[in-house]
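Step one of this worksheet: look at the structure below.
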Amino acid sequence: MHIWHVVPHHLTFVHRGAAALAAQGHTITLATRSRSYPHTPDMRVVHLPPYAGLRDPKRMARMLRHTPPAGFLRAPGPLRDRIRYAPFYAHPPPDVMHVHFPMTAALYPTLDRAPVVVSCWGSDLNLLPEQPPAEQARRLEVLRRADAITCVSTALAAEVKRLAGREAHVVHSAAPYLPDAPPRPPNDPPVIVTVARLHPVKGIDLLLAALARLLRRGVDFRAWLIGDGPLWKEVRYSITDLGLGAHVELLGRLPFAQVVERLYAADLFVLSSHAEGIATAALEAMAAGLPVVSTDVGGMREALRHGVLVPPRDPDALADAVGDLLAAPDRRAQLGRDARAHM
C-alpha cells in the first residue's frame, strides 16, 4: 500500500513504525511541519507549511510571491487553507492516511481524501482539558469522524470511548530491540536515570521533590535527566534551589544511541508522569534491562509487570520506592532481568 504518516514533528517511535512498514514493501510518505526530519532512502518526506505562519498575510504573500506550492490550485477553500492543504493535493491520494494525534488531524481536515487512521499516544487526550472549548470540540470531532482509531493502552481506549463514544483498537507500544546489556556492576553511588520531555505532564517537579527528600534522608545517588522542553529553565532553577546541583545532571536531548549508553550505565529508571498512554522511554529502559519505578498512570500498569508502581503526585511514595530499590542491588538486578525478558 501507499501510506502517508502525518506527524507534527520528528518522533522516534513514529519513524520506527514507518520504517518497519517500508521494510515490508509498503510505500511510505512522511508529512511533517518539521524542517529537520531525517530523510532516508526508503521514505519520502513532504514538508507541511507551519500553521502559525498562515495567520500572517505578509507571510502568505511571500509563500506565493514566486511559484505557488505544488497542489495549490487543486486544494480547496480560502487562501490560507489552500496553502495549508497544497502538499496533500500535489500527490495522488494514498491508500491510507495515518495521522498521529487528533490535534494534527484537526489542523488538516481535508485528510479525508483517503481513509484516515488516527493514533492517540497519551498527551493528546490527557491534556485535552487544557485546550479552549472550541479546540476541544474540533479534536473530538476528528475522533468521531475517523475511519479507525488506535490507542497505545486500554486505559487510553477507554478515554476515547468516554469522550467520543467510539471503540478504539489497542496497539501497545513496542520498544526497539536492544542487544544484551554489558555487565552492569552497581555504581557507587547508584545512578538514577529518566528520559522525558520537560513538560508539566511529565512530573519532573515530582521527581526532583522526591530526590530532595532522599538527600535529606542521607541517601547518596546521582541522577541523569535526559530531555528538553518548555520547562528547561524552571527545571534548572529547581535543581539548584533544592540543593541537588551536585547530584543531578540535566543532559538535554541526546541521540538515541547515547540514550541507550546511559540506560546501560544506570542502575534505576524513574518515570514520574502525571499522565501517560504508555511511556516509550520506560519500555526502552526495560528493554535495556533496567528496573523501573513509575507512577501508576494511564497504561503503565499494563506494561510494568516487573517494576514498582506508586501513586501519582505523591513525592513521599516516590522517594520511598526509589530509596528502597537503591538500597537493594540484588532486587534491582532481578527486576531488570525480568523486565527485559518481558519486553
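The values are calculated or read from the model by the stated rules, or taken from the named source; none is laboratory data. All figures in this text were calculated on a predicted structure; none of them were measured in a lab. Every residue, glycine among them, receives a Cβ derived from its backbone with ideal geometry; neighbour counts consider all protein chains shown. Note: accessible area is taken over every heavy atom of the protein model, side chains too, but ligands, DNA and RNA are not part of it. Shrake-Rupley method; radii C 1.70, N 1.55, O 1.52, S 1.80 Å.
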Quiz item: Non-local amide H neighbours of Leu30 (under 5 Å, H modeled in plane, Pro and chain starts lacking H): which ones?
Solution: His5, Arg44, Val45, Val46
Quiz item: Considering the chain as a Gaussian network with a 10 Å cut-off on Cα pairs, which listed residue, Arg44, Arg332, Arg139, attains the greatest mean-square fluctuation?
Solution: Arg44
Self-check item: Computed magnitude of the charge dipole of the range 220-343 (debye, nearest 20; Cβ of K, R +1, Cβ of D, E -1)
Solution: 300 debye
Practice problem: For every other residue with a beta carbon closer than 13 angstrom to the beta carbon of Ala212, add +1 if it is Lys or Arg and -1 if Asp or Glu, then tell me the sum. | Solution: 0
Practice problem: Would you mind computing, in nm to one decimal, how far apart the modelled labels at His26 and Ala134 are, each placed 7 Å from Cα along Cα→Cβ? | Solution: 3.5 nm
Practice problem: Mind checking which of Met300, Ala321, Gln334 is farthest towards the positive end of the range 296-343's charge dipole, using Cβ charges of +1 (Lys, Arg) and -1 (Asp, Glu) about the Cα centre? | Solution: Gln334
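Within the chain, what percent of beta bridges assigned by DSSP are antiparallel, to the nearest 5?
In the chain, approximately 5 percent of DSSP beta bridges are antiparallel ones.
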Quiz prompt | the chain - Rg and Dmax from Cα coordinates, angstrom | solution = 21.9, 68
Exercise. Please report how far the C-alpha centroid of the range 214-231 lies from that of the range 110-141, rounded to the nearest whole angstrom.
Key: 34 Å
Practice problem: Just check the range 268-326 against the gyration tensor rule for me: Cα atoms, a ≥ b ≥ c as the square roots of the eigenvalues, rounded for a/c under 1.5, and otherwise prolate or oblate depending on whether a/b exceeds b/c. | Solution: oblate
Exercise. Pull out a ≥ b ≥ c, the square roots of the eigenvalues of the alpha-carbon gyration tensor of the range 190-318, then state rounded if a/c is under 1.5, prolate if not and a/b is larger than b/c, and oblate in the remaining case.
Key: rounded
Self-check item: Euclidean distance of C-alpha centroids, the range 271-309 and the range 180-213, integer Å
Solution: 12 Å
Quiz item: For helix 12-23, what angle does its Cα long axis make with the longest principal axis of the chain, in degrees from 0 to 90 and rounded to 10?
Solution: 60 degrees
Quiz item: How large, in percent, is the carbon and sulfur part of the accessible surface of the chain at a probe radius of 1.4 Å?
Solution: 55 percent
Quiz item: So, by mean Cβ neighbours within 10 angstrom, what's the order for 183-194, 1-12 with the highest one leading?
Solution: 1-12, 183-194
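Shape verdict for the range 130-223, please, from the Cα gyration tensor: rounded (a/c under 1.5), prolate (a/b greater than b/c) or oblate. All intermediate terms of the calculation are to be shown ahead of the outcome.
Values: a/c = 3.88, a/b = 1.87, b/c = 2.08.
Since a/c reaches 1.5 but b/c is at least a/b, the shape of the range 130-223 is classed as oblate.
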